[in-house]
Amino acid sequence: MATGDEIWEALADFTEQCNNNKRLRKMQRDWTKILHFKAIDMDDSFTMKVVEGEIVKNDKGTVGTPDIIVETDSETMCDMFWGDINPTQKYLRGEIKVKGTQEDVMRIDVITAVIWPEV
Amino acid sequence: MAAQLTKGQRDEIKKQALDDFSRYVNPQKARVLKNAGLDIIEGKREGAAVWDITGKKYIDCITSAGSFNVGRRNPEIIDALKKALDEYDLGVFLLCSKPKADLAKRLAEITPGDLQYVMYGSGGGEANDFAIKLARGYTMKNDVISTLKAYHGHTGFSLAAIGRDEYRKPFGSMVPGYKHVPYNNLAAMEEAVTEDTAAIIIELVQGEGGIHLATDDYVKGLRKLCDDHEVLLIFDEIQTGFGRTGKMFCCDYSGVVPDILTIAKSLGGALYPISATVYREELGDFVMTHAFTHLSTFGGSDIGCMVGLAVIDFIVKNKLPEHAAKMGERFQKGFDELLTRYPELLMEVRRKGLMMGLQYTNDSIGPRMSYQLAQNGVMAIYTGNEPSVMRLMPSLVIQEDEVDFVVDALDKSMSEIMKQGGIEKY
Amino acid sequence: MSIIDDILSKTDMDEIRKETEENYRQYVNPFALRMFKNASLDIIEGKREGASVWDISGQKYIDCVTGAGIFNVGRHNKEIVEGLKKALDTYDMGGWISIVRERGILAKKLAEITPGDLKYSLFCCGGGEAIEVAVKLARGHTDKTEIICMENGYHGVTGFALPATGRDVYKQPFAPLTPGYRHVRYNDIGAVEEAITEETAAVLLEPIQGEGGIIPADDAYLRQLRELCTKNEILLVFDEVQTGFGRTGKMFCAEHSGVNPDIMVLAKSLSGGLYPLSCAVFTEEIAEFLMTHPFIIINSFGGTSLACLVALATIEYIENNDLPGHATRMGGRFMAGLSALKGKYPKLVLDVRGRGLMLGMEFPEDSIGPRMAYQLKQNGVISIYTFNNPRIIRIMPTLVITEQEVDFVLEAFDRSLAEISKQEEKNAAR
Ligand SMILES: Cc1ncc(COP(=O)(O)O)c(C=O)c1O
Ligand SMILES: Cc1ncc(COP(=O)(O)O)c(C=O)c1O
């Protein structure tokens, strides 16, 4: 089990990776969404606000009306933000739950595919 | 098939075919073709020739506007298709398959520059529709500039790009955001480009528009214009591709590489529908974030891809582009004579390889020449957007004696029309 | 090298797979390949026969996707393959502008088997292309421009078909699109009534929404639509691209309600899963527009000689083997089994529905569709969720599926649902 602080750190790393990736920013420039991440083995949640492909803000807790809700255990969540796992595979095996459209699920996978093509 | 039938039986088949066609497909089409002497019911087909069911032989200079570059019923392509049929069916458009992957690689190899990824379709219009969608999606801009008299297909994004209103008028509102400018006029294009221009789409030789050749300077100017304004350049090589103009692709002449290239027609080897939109790697990023937003059930079927591979092999192995260039020159010698002999009929000849257009002195000569040529054993029609131009696009496997036969038929037909008169402009 | 008949060693297969994937990654679509792999749909089809397909590694699957209804006569149907091969001894595409004899014969056959007084055919390659023709005919014939279509409908992705498709993800990146399309709720006659204006040219719909989630139109709704259209001089267009050729237990789905459209669009199974072909079939009255405009809709590849011969062989096969009847019987067997599964997994299965062999199972949330596809694949069945609604997994096998194969698929569903139930319980416990 990871701690809330660890997730928050992983999320910050992830944010930096995304925002510094020029190709990804361009690719995602028509994507404006609010994402909620819930760690189900603890009571922590996080909110990520994406505007035109840029992660403009992360919050602790749930803020705003989400387009996408991602639920998994804290360990998997950290692994996801660190690029240690392929989130779509986990999703299809029921280990990560995502509420939202399939298109948005695929967009999340695009992020991983661009930042960590080998995963 | 036709060989074992008696003359009476063949006539009966022909009558029945015309009747069925009129009754269930389109009576007026049948009538127009009959009047033009083109009510040919194709029986045997081979190389550059086709036989009417009644046994009369024609050199096919229509070839569905360049769909039969490898010749009609090319035995090597037929074998490839039969072999494909031993193993494959259409396959599933969603899945990855070996033929799809193999052909994509081959297309990346033979297309110029860094054209890399392939989206498959079945028809040419479909390929252009995707090209334009891709340009809009990738640039997030709207406008598309095409040229007057251009032809790009009848599906919606392509239809709006056609440079002729008649094809659109009865159908009401079109896809918005299109401008049409004169061909071969760089200044007009420069003027039309704005901040919201996503793409310029152009044929390097206008086919339906009347066989007009883009100059190298124009094409190079377009490339620069596009680079300067972040506009994507789309070459529609649906008629000009696969050796037709004397090079594998017509853009090989100017060396200008487009961002998107569309191909269809001859890729199917006169046997099987397949088309493709080939685009640069960068544009793949849009396809990645919008996976599965453009789908085509029949596009890039396993069988179609096997046929496409065989077609490319045949063209490369037999150096069809070079052959087309050579046969084109032989045609040109004949045309030069016709130009001096019939100045009242023939104004100009425009040609690149075996993509040839005869510019007549007025509109009515095109249809009359079709009729006369049919009598003299040649199938040819005027171009869709320009009835004063007769297009000659024989298959690229045409031989010297067949070239001479066509030139001779042109001579006879023109001489007959001169005799008939009625050629003055009105 | 023949992939199918030769017995290849495991290494050869691995080699082919590696090469294919590499080429796909480099030259077709790297992301699609990644998605396939994630979803475990990275099947490279080798042998195909009847209701089944084999991955090149030799693993067998029952195909319940069938390209959303391309393979009604079965995968790689031997009779039709032989017919096409024989045709190749004489024919090729035929000229685009010529009077193609085979086209006349097929058009005549279609006039015979389609309902009501549908009579003329205009041929294209893809289903979307034929939808374009239908829209244009409607506009050209009526001199009006508006098309009423359905939310969540799917009609293709080219210029006149795309705006009719009732879902934004397909459209938004490519806007602005052809104007004049209005979307209304499916199965809601009041909504259509409200949408009708002076400018309405046609109402376009699928008699069973395929990509929208296997949603059948009520017979009463279709009859009301027919009346409404007739009264207002509006054309009724049925998209039977997925529902045609025996899929729903009748040759055409329209026959269930007895409603005759003015234009019917056909593709997919029209040409036996072997050759691209589609068409719009329409009434004599509408054909008049094409008398005055005989060359206004043209295409290079629509209705080639070979395509028409394949279609004739396909229709003959469907008739001779009574595939609509077989689809009804197998559909009944499926329905009984699926209903039992609904009883067994009440929390997972919200609904099972459909007609003939056009069936769908509905789940309570989006993620379960893709997960089911993944599980089914592990259990020897290929199926995917419907494009416009991932909550529904589709069951559209070939119409030559046998009783044993139906039972096999049902068992695979049972196992897959059991696995997902287990996953859900595990999640709930965390
Ligand atoms: C230059 C060009 N582009 C596009 C097309 C459309 O292709 P298709 O008829 O296969 O839709 C054609 C057809 O003649 C063409 O000549
Ligand atoms: C109902 C319906 N209409 C039209 C189409 C478009 O057909 P195509 O992919 O051949 O263009 C489809 C394709 O899935 C469909 O399901």
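Below, the figures for the structure above:
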| item | result |
| --- | --- |
| Residue match in region C:242-263 (condition: within 13 Å of chain B (Cβ to nearest Cβ), within 15 Å of the chain's Cα centre (by Cα), at negative phi and within 16 Å of ligand 1 (Cβ to nearest atom)) | no |
| For residue B:128: the one exception among (1) out of contact with any Asp or Glu (no Cβ under 7 Å at 6 or more places or on another chain); (2) more than 7 Å from chain C (Cβ to nearest Cβ); (3) of a type outside the set (Ser, Thr, Tyr); (4) crowded, with 24+ Cβ neighbours inside 10 Å | (1) |
| Identity of the residue in region C:112-137, acidic (Asp, Glu) and closer than 20 Å to residue C:300 by Cβ, that ends up surrounded by the most Cβ atoms within 10 Å (Cβ to Cβ) | C:129 |
| Of all residues in region B:280-307 being touching a strand residue (DSSP E or B) at 6+ places or on another chain (Cβ under 8 Å) and away from chain C (no Cβ under 11 Å), the one that is farthest from residue C:155 (Cα to Cα) | B:280 |
| Those strands (runs of 3 or more DSSP E) lying entirely in region A:45-85 with at least 3 residues in contact (Cβ under 8 Å) with a residue 24 or more places away in the chain | A:54-60, A:68-72 |
| Count of region C:324-382 residues which are over 18 Å from residue C:39 (Cα atoms) and in a helix (DSSP H, G or I) | 21 |
| Exclusive hit being farther than 16 Å from residue B:24 by Cα, more than 10 Å from chain B (Cβ to nearest Cβ) and modelled with pLDDT of 95 or more, set C:149, C:125 | C:149 |
| Residue satisfying condition, being within 21 Å of the chain's Cα centre (by Cα) and more than 16 Å from ligand 2 (Cβ to nearest atom), within set C:188, C:143, C:117, C:168 | C:168 |
| Inter-residue pairs, beta-carbon under 8 Å, first closer than 25 Å to residue C:144 by Cβ and without any contact (Cβ under 8 Å) to a residue 60 or more places away in the chain and in region C:233-262, second away from ligand 2 (no atom under 14 Å from the Cβ) and assigned to a loop (DSSP other than H, G, I, E, B), 6+ apart | C:236/C:259; C:236/C:262 |
| Test result for residue C:123, of a type in the set (Phe, Trp, Tyr), over 23 Å from residue B:80 (Cα atoms) and more than 16 Å from ligand 1 (Cβ to nearest atom) | no |
| Qualifying residue in region B:224-231 (condition: touching a Pro at 6+ places or on another chain (Cβ under 8 Å), more than 16 Å from ligand 2 (Cβ to nearest atom) and without any contact (Cβ under 8 Å) to a residue 60 or more places away in the chain) | no |
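Each row is one residue, and each column tells you yes or no for (1) modelled with pLDDT of 90 or more; (2) within 16 Å of ligand 1 (Cβ to nearest atom); (3) in the same structural domain as residue B:266 (by TED's automatic domain parsing); (4) within 24 Å of the chain's Cα centre (by Cα).
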position: B:7; (1), (2), (3), (4): no, no, no, no
position: B:18; (1), (2), (3), (4): yes, no, no, no
position: B:21; (1), (2), (3), (4): yes, no, no, no
position: B:30; (1), (2), (3), (4): no, no, no, yes
position: B:35; (1), (2), (3), (4): no, no, no, no
position: B:41; (1), (2), (3), (4): yes, no, no, yes
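Residues checked against (1) within 30 Å of residue B:387 (Cα to Cα); (2) within 16 Å of ligand 2 (Cβ to nearest atom); (3) at the interface with chain B (Cβ under 8 Å from one of its Cβ atoms); (4) not in a loop (DSSP other than H, G, I, E, B):
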{"position": "C:270", "(1), (2), (3), (4)": "no, yes, no, yes"}
{"position": "C:290", "(1), (2), (3), (4)": "yes, no, yes, yes"}
{"position": "C:309", "(1), (2), (3), (4)": "no, no, no, yes"}
{"position": "C:314", "(1), (2), (3), (4)": "no, yes, no, yes"}
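The values are calculated or read from the model by the stated rules, or taken from the named source; none is laboratory data. Only a predicted model underlies this, so the values are computations on that prediction, with no experimental measurement involved. Cβ atoms come from the backbone with ideal geometry, glycine included; neighbour counts cover every protein chain shown.
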